[in-house]
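**Q** Take this structure first; my questions come after.
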Amino acid sequence: MIQSVQSADGTTIAYEQAGTGPVLILVGGALNNRQSAANLVPLLEESFTVVSYDRRGRGDSTNTPPYDVDREVEDLRALAAEAEGPVYLYGHSSGGILALEAGSAGVPVGKIAVYEPPYLTGGGEDWQAFVDKVRTLADSGQGNKAVEVFIRHTGADFDPGMTQAPWWPALVSLAPTLAYDLTLTANGSVPADRFAGITAPVLALYGGASAGWAAASATAVASAVPDGRRDMIDGQDHAVAPDAVAPVLLKFFR
């Protein structure tokens, strides 16, 4: 059943929950909505009340421009307020950055796990110019091109045939939110001064088959927070398999 909360600026944030126990909020990354974690939820719901939500501008959530990272943090604060006591956060990719930002902003969290927050990726072209390029394409109705440019920028192979896949339109519908994730990533450096204020234990994860930046990012995040550690999930890349990450999350959050 879809439920919703109102964020501080009036934006409606849609979410679903399953299971019982302490609240664990799943924070998706770029081109993700609440359904993106559908295969992970059943692996966690016996131990936690798992909350999957549509970040602002996605799925059944509304949007209130202009975008600001602080507004996304307030969305998480509103979701956390529905729970009794501190919540756990698991963020994938740029969702991991958002989870860390929430922790540093004082959202009541008990523990935070992140998988490959995209810091230290090497960037390439001028970062703000890239963000503006993606935003302009999406805002001008060229969502297909915006998604392609984003995927190519990540270093992933882009097969033009994927534009004919049944799931491609869903990705394109999320193109306007790509600039949000890129804004979260900023220039790719870990904001160590800000993250030094995170009081919750933090587990920074990366895949053994991922590019070198992933391990470097996990190391930097774990070093930036007072109570941080990193761990590697063997054989996984950025698209970590639910059955590979779930046991690690269960052990950490329990």
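The values are calculated or read from the model by the stated rules, or taken from the named source; none is laboratory data. Not measured: the values here are computed from a predicted model. Here Cβ is always computed from backbone atoms with ideal geometry, including for glycine, and neighbour counts include all displayed protein chains. We work out accessible area using only protein heavy atoms, side chains counted, and drop any ligands, DNA or RNA first. Shrake-Rupley method; radii C 1.70, N 1.55, O 1.52, S 1.80 Å.
**Q** How many residues are within 22 Å of the chain's Cα centre (by Cα), open to solvent by 20 Å² or more (accessible area, probe 1.4 Å) and more than 26 Å from L205 (Cβ to Cβ) if we restrict to the stretch 105-136?
**A** Residues meeting the conditions: 4.
**Q** Output the residues belonging to the stretch 42-61 that are in contact (Cβ under 8 Å) with a residue 40 or more places away in the chain and over 18 Å from the mean Cα position of the chain (by Cα).
**A** Within the stretch 42-61, L43, S47, F48 qualify.
**Q** Another one. Residues in the stretch 181-203 that are within 16 Å of the chain's Cα centre (by Cα) and either of a type in the set (F, W, Y) or under 18 Å from A146 (Cβ atoms) (or both): how many?
**A** Step one: of the stretch 181-203, the residues within 16 Å of the chain's Cα centre (by Cα) are 181-186, 188, 190, 202-203.
Filter once more, so that each one left must be either of a type in the set (F, W, Y) or under 18 Å from A146 (Cβ atoms) (or both): 181-185.
Matching residues across the stretch 181-203 total 5.
**Q** With (1) touching a Leu at 6+ places or on another chain (Cβ under 7 Å); (2) of a type in the set (A, V, I, L, M); (3) closer than 24 Å to R230 by Cβ; (4) without any contact (Cβ under 8 Å) to a residue 60 or more places away in the chain as the list, and A99 as the residue in question, which single condition is left unmet?
**A** (4)
**Q** Scan the helices (runs of 4 or more DSSP H) fully inside the stretch 136-254 and keep the ones with 3 or more residues being of a type in the set (F, W, Y) and touching a His at 6+ places or on another chain (Cβ under 9 Å).
**A** So the answer is none; nothing clears 3.
**Q** Just to verify a result, which residue in the stretch 78-104, among those that are touching a strand residue (DSSP E or B) at 6+ places or on another chain (Cβ under 7 Å) and open to solvent by 30 Å² or more (accessible area, probe 1.4 Å), is nearest to L120 (Cα to Cα)?
**A** H92
**Q** Looking at the stretch 47-77, which of its residues are outside any loop (DSSP other than H, G, I, E, B) and crowded, with 17+ Cβ neighbours inside 10 Å?
**A** Matches in the stretch 47-77: T49, V50, V51, S52, Y53, R71, E72, V73, E74, D75, L76, R77.
**Q** Looking only at the stretch 14-46, count every residue that is open to solvent by less than 60 Å² (accessible area, probe 1.4 Å) and part of a helix (DSSP H, G or I) and tell me the total.
**A** Residues that pass the stated criteria total 4.
**Q** Before we move on, is L178 surrounded by 12 or more Cβ atoms within 10 Å (Cβ to Cβ), under 16 Å from the mean Cα position of the chain (by Cα), at pLDDT below 95 and within 15 Å of L31 (Cβ to Cβ)?
**A** no
**Q** Shifting gears a bit: Where residues in the stretch 157-175 are within 18 Å of the chain's Cα centre (by Cα) and open to solvent by 50 Å² or more (accessible area, probe 1.4 Å), which of them is modelled with the lowest pLDDT?
**A** Only one residue tops the list, namely A170.
**Q** Another question, if that's okay. Go through K133, K111 for me and flag whichever is at pLDDT 95 or above, within 30 Å of A215 (Cβ to Cβ) and of a type in the set (K, R).
**A** Only one candidate qualifies: K111.
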